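Below: the structure, in structure tokens.
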Amino acid sequence: MSYDPNNIFAKILRGEIPCKKISEDEFYLAFHDIQPRAPIHALVIPKSAYKDVYDFNQNAKNEEIIGFCKGINQVTQLLNLNQDGFRLISNSGVYGGQEVPHYHVHLLGGKKLGPMLFSS
Ligand code: 5GP
């Protein structure tokens with residue numbers, strides 16, 4: 001499946017839908033999740049069109065990958081997540097439970113988050 005330019009994060013990037021922005025640069029945009037699952041729940045997305053982590057790691061230029069990773073670190077600093085720790089998640093595809101098909105990572109923190117997954 002190819003990238004869908006009408007996904008909600010593409011609309012946020014184009015300014016068609018508002019977001020509670022945390023920070024951005026040429027490589028990434030970070031904003032608060034509309035339905036937070038933790039006291040701090042940020043989303044970090046690349047500025048360019050990639051549908052998931054595999055697509056990004058496979059096809060993005062090295063400078064985009066480095067810029068995106070540095071962006072994640074900038075957000076952890078801005079949200080003071082480094083001292084107590086945080087969780088970084090990227091859902092991919094159907095089994096991963098990905099809802100929005102523009103690559104993003106969830107940054108979760110602000111309390112002890114407990115086990116990563118419930119047992120199946
Ligand atoms: P996924 O399941 O794709 O990994 O996560 C998508 C995330 O995007 C969800 O946590 C959901 O709450 C969030 N989300 C969906 N629509 C919007 C929106 O319009 N604005 C913001 N800020 N977050 C959204």
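The values are calculated or read from the model by the stated rules, or taken from the named source; none is laboratory data. Since we're looking at a predicted model, the values are computed, not measured. Ideal geometry is used to build each Cβ from the backbone, glycine not excepted, and the neighbour counts take in all protein chains shown. Each accessible area value is taken on the protein alone, full model and side chains, heavy atoms only, with ligands, DNA and RNA left out. Shrake-Rupley method; radii C 1.70, N 1.55, O 1.52, S 1.80 Å.
Any residue that is acidic (Asp, Glu) and within 14 Å of the ligand (Cβ to nearest atom) - is there at least one of those in the range 60-77? So that I can check it myself, show each step before the final result.
If we filter the range 60-77 for residues that are acidic (Asp, Glu), which is where we start, we get 63-64.
Filter once more, keeping what is within 14 Å of the ligand (Cβ to nearest atom): none.
No.
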Residue 23: of a type in the set (Gly, Ala, Ser), open to solvent by less than 80 Å² (accessible area, probe 1.4 Å) and out of contact with any strand residue (DSSP E or B) (no Cβ under 6 Å at 6 or more places or on another chain), yes or no?
-> no
Taking the range 85-117 as the search range and keeping residues that are open to solvent by 60 Å² or more (accessible area, probe 1.4 Å) and farther than 21 Å from residue 70 by Cα, which one is nearest to the ligand (Cβ to nearest atom)?
-> 99
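Residue by residue, here is whether (1) open to solvent by less than 20 Å² (accessible area, probe 1.4 Å); (2) in contact with a Pro (Cβ under 9 Å, 6 or more places away or on another chain); (3) over 24 Å from residue 112 (Cβ atoms) holds:
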{"position": "38", "(1), (2), (3)": "yes, no, no"}
{"position": "47", "(1), (2), (3)": "no, no, yes"}
{"position": "50", "(1), (2), (3)": "no, no, yes"}
{"position": "56", "(1), (2), (3)": "yes, yes, yes"}
{"position": "75", "(1), (2), (3)": "yes, no, no"}
{"position": "81", "(1), (2), (3)": "yes, no, no"}
Considering each of 120, 48 in turn, give the residue that is assigned to a loop (DSSP other than H, G, I, E, B) and in contact with a helix residue (DSSP H, G or I) (Cβ under 7 Å, 6 or more places away or on another chain).
-> 48
